[in-house]
């Protein structure tokens, strides 16, 4: 079966659900991912109502079916391990409720982040360690992995009980930000229902090869995002760990939210990297290989566009991303047809 191509509707948060789904269909997309809490509100998902009413759940799913769009994931990205009292407990509760709702709706995948604890039991803020060659940072990681192991063991049990898979976005600022750290979490928890949401953008600016990451993780890849990033000339002197972002003035009209009550800082004028619309950072060949690698894991996997390129409006960016993603899918089909033409017996043996 072909991969399901769709979009995460957070970029259409100012439209009601039916209009957001119409936008997806107008771009030839048949998969949707909806936010249910965490960093962002849930304008397209009345969670309390859906948890309490079977009729409401049936009507909610019917809204997708009527437009030929499948609800393929619930997104609850946040920091459930944060020591901040207004963040960690709320995001953890949002995740538990999202897993329960996914089970009731029959949605297989919940997307989230691993979170980041503080450096020690008395820490006030999250602490992200990326270079533990100094032993003190190894001590911090020992503590953090202990916190994460306890929490995610519980979440894996909850996901298993609800027949849901939790797909963790490997995102910097989190304890899990790479295939290696994801495997570490799965090994420590003995998890059966924890895996990866493959968002290539966060791997690209760290210097990784997303297709290689997919093939490395194999069946641990549950779900995927289509989101692009590009390295910029500024990387020559800034490197990928550049910290020269500046706070946005409180009255600035163009602030971009990174969560409820928090805002994105201003990027350097000459950044090391930036998020761009799908197809702007990498061409069709790159996205074709990305889709190929995903299909090797699961030919029916959902790949949902996440539009975060500030150079394009919501509709422009989504349309541009859909155009490039469709082109990559068509290129993939053409490549497979050509391969079958030249090697028909191999195709028959492989079940294609």
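The values are calculated or read from the model by the stated rules, or taken from the named source; none is laboratory data. These figures come from a predicted structure and were not determined experimentally. With ideal geometry, Cβ positions are generated from the backbone for all residues, glycine too; neighbour counts draw on all protein chains shown.
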**Asked** Taking the range 197-237 only, how many residues are out of contact with any strand residue (DSSP E or B) (no Cβ under 7 Å at 6 or more places or on another chain) and surrounded by fewer than 19 Cβ atoms within 10 Å (Cβ to Cβ)?
**Response** 13
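One line per residue, one yes/no per condition, for (1) touching a residue at least 40 places away in the same chain (Cβ under 8 Å); (2) at positive phi; (3) touching a helix residue (DSSP H, G or I) at 6+ places or on another chain (Cβ under 6 Å); (4) surrounded by fewer than 21 Cβ atoms within 10 Å (Cβ to Cβ):
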site: 8; (1), (2), (3), (4): yes, no, no, no
site: 17; (1), (2), (3), (4): yes, no, no, yes
site: 26; (1), (2), (3), (4): no, no, no, yes
site: 35; (1), (2), (3), (4): yes, no, yes, no
site: 43; (1), (2), (3), (4): no, no, no, yes
site: 53; (1), (2), (3), (4): no, no, no, yes
site: 59; (1), (2), (3), (4): no, no, no, yes
site: 62; (1), (2), (3), (4): no, no, no, yes
**Request:** Six or more apart or on different chains, Cβ under 9 Å: which pairs go from a residue in the range 164-176 that's at positive phi and in contact (Cβ under 8 Å) with a residue 40 or more places away in the chain to one that's surrounded by 24 or more Cβ atoms within 10 Å (Cβ to Cβ) and part of a loop (DSSP other than H, G, I, E, B)? Could you list them?
**Result:** 173/79; 173/113; 173/116
**Message:** For the range 265-285, check the following and say yes or no: at least one residue is at pLDDT 95 or above, loosely packed, with under 12 Cβ neighbours inside 10 Å and under 20 Å from residue 211 (Cα atoms).
**Reply:** yes
**Asked** If the Cβ limit is 7 Å and pairs must be 6+ apart or interchain, which residue in the range 224-246 that is under 13 Å from residue 201 (Cβ atoms) pairs with which residue that is in a helix (DSSP H, G or I)?
**Response** 224/294; 226/321; 226/325; 227/200; 227/201; 228/201; 229/201; 229/204
**Asked** Taking the range 173-213 on its own, how many of its residues are in contact with a helix residue (DSSP H, G or I) (Cβ under 8 Å, 6 or more places away or on another chain) and at pLDDT below 95?
**Response** 0
**Prompt:** Mind checking which residues of the range 158-172 are under 14 Å from the mean Cα position of the chain (by Cα) and assigned to a loop (DSSP other than H, G, I, E, B)?
**Reply:** 170, 171, 172
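Residues 340, 316, 296: which one is farther than 14 Å from residue 228 by Cα, in a helix (DSSP H, G or I), modelled with pLDDT of 85 or more and more than 20 Å from the chain's Cα centre (by Cα)?
Result: 316 is the single residue among 340, 316, 296 that is farther than 14 Å from residue 228 by Cα, in a helix (DSSP H, G or I), modelled with pLDDT of 85 or more and more than 20 Å from the chain's Cα centre (by Cα).
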